[in-house]
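Below: the structure, in structure tokens.
The values are calculated or read from the model by the stated rules, or taken from the named source; none is laboratory data. No experiment lies behind these values; they were computed from the predicted model shown. Here the Cβ is made from the backbone with ideal geometry for all residues, glycine too, and neighbour counts use every protein chain on show.
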Amino acid sequence: MKISRIARYFPFRSRGKKPRRKPAPFLTKERVIAKKRHQCPFCHRHIEGGELEKNLFVCPDCSHHFRITPRERILFLVDADSFQETEEGITSLNPIGFPGYDDKIRRMVNITGLDEAVITGIGSIDGNRTVLAVMSFKFMGGSMGSAVGEKIARAIFNGVKQSLPVIIFASSGGARMQEGIFSLMQMAKTSHAAARLEEAGMPLFIVLTDPTTGGVTASFAMLGDVTLAEPGALIGFAGPRVIEGTIKQKLPESFQRSEFLLEKGFIDLIVERKELRPTLSYLIETHSPEGVR
């Protein structure tokens, strides 16, 4: 196959896999919570693994939302057997020759079972077909490099081509600095894709999870038609310690948490994990032309 001159400089690799037509597997080795018994970091209650999983990884006492993996989120969100993964096999290269970056990518692939820090695909929520992109903070802090930006942009363009709504679950520390300027270019790429989706008249729903910061917040994560957030999620650009060090002032205790952002009008609604599925189903039906089925 002849490769264009421009394509040779794309800092990601696509192995051209065909999408699997089966439900997303539950990858045990990718789980953030790997012990049989857990302690809530807020109320310090000891919780059995089965109880925590049954409660969608939310503490039954204080409602603290544990971080979860993309595949765990997909399993409780979409209709059974409806999720078809797309853009598989896209992985980052090392465009600026950053020392140790290739080894770190391989290590993250082995630890998480993911090709990159986001899973994209098409599934159904209460019978409504939708494009999904779910980020993984476990994979290099959910940082957005060339492959992540490409997968998210392609997912959004799938919504444009197929006239489907797009839902993105953001969880990221920002741009992936190991790729230099190439990582920053993804902010423009994903923002452009979001604009094209708006031109096509299809909705973009953003769900901000803990944490969502940096270049992801400064690009597509704040461009949704409706922006939701999980309770207690850290959301911002620079971290609180950086801001305090810059302005030399003590920040409010709840600064940059989802509740603070809701009060200031940055997000539309805080939704508990158990209510995400019915809330997103309602949004799809009310924002899509005649619903999408």
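From the list N55, N110, N128, the lone residue that is of a type in the set (S, T, N, Q), outside the structural domain of I181 (by TED's automatic domain parsing) and at negative phi is N55. Of all residues assigned to region 136-146, none qualifies as being over 29 Å from D102 (Cα atoms), in contact with a helix residue (DSSP H, G or I) (Cβ under 8 Å, 6 or more places away or on another chain) and charged (D, E, K, R).
The helices (runs of 4 or more DSSP H) falling completely within region 219-293 that include 2 or more residues that are touching a strand residue (DSSP E or B) at 6+ places or on another chain (Cβ under 9 Å) map to 258-264, 273-287. The residue that is surrounded by the most Cβ atoms within 10 Å (Cβ to Cβ), counting only those in region 162-193 that are over 30 Å from S288 (Cα atoms) and of a type in the set (S, T, N, Q), is S183. Just checking, which of A200, A175 is within 30 Å of F255 (Cβ to Cβ), in the same structural domain as L269 (by TED's automatic domain parsing) and modelled with pLDDT of 95 or more? Result of the check over A200, A175: A175. Taken together, E272, E244, E253 contain a single residue that is modelled with pLDDT of 95 or more, surrounded by fewer than 17 Cβ atoms within 10 Å (Cβ to Cβ), over 16 Å from the mean Cα position of the chain (by Cα) and acidic (D, E), which is E272. Tell me the residue from D79, D115 that is touching an Asp or Glu at 6+ places or on another chain (Cβ under 9 Å), part of a loop (DSSP other than H, G, I, E, B), among the acidic types (D, E) and within 23 Å of Y282 (Cβ to Cβ), please. Unique residue meeting the criteria: D79. In the set L234, L223, only one residue is within 19 Å of H65 (Cβ to Cβ) and either touching a residue at least 60 places away in the same chain (Cβ under 8 Å) or in the same structural domain as F169 (by TED's automatic domain parsing) (or both); that residue is L234.
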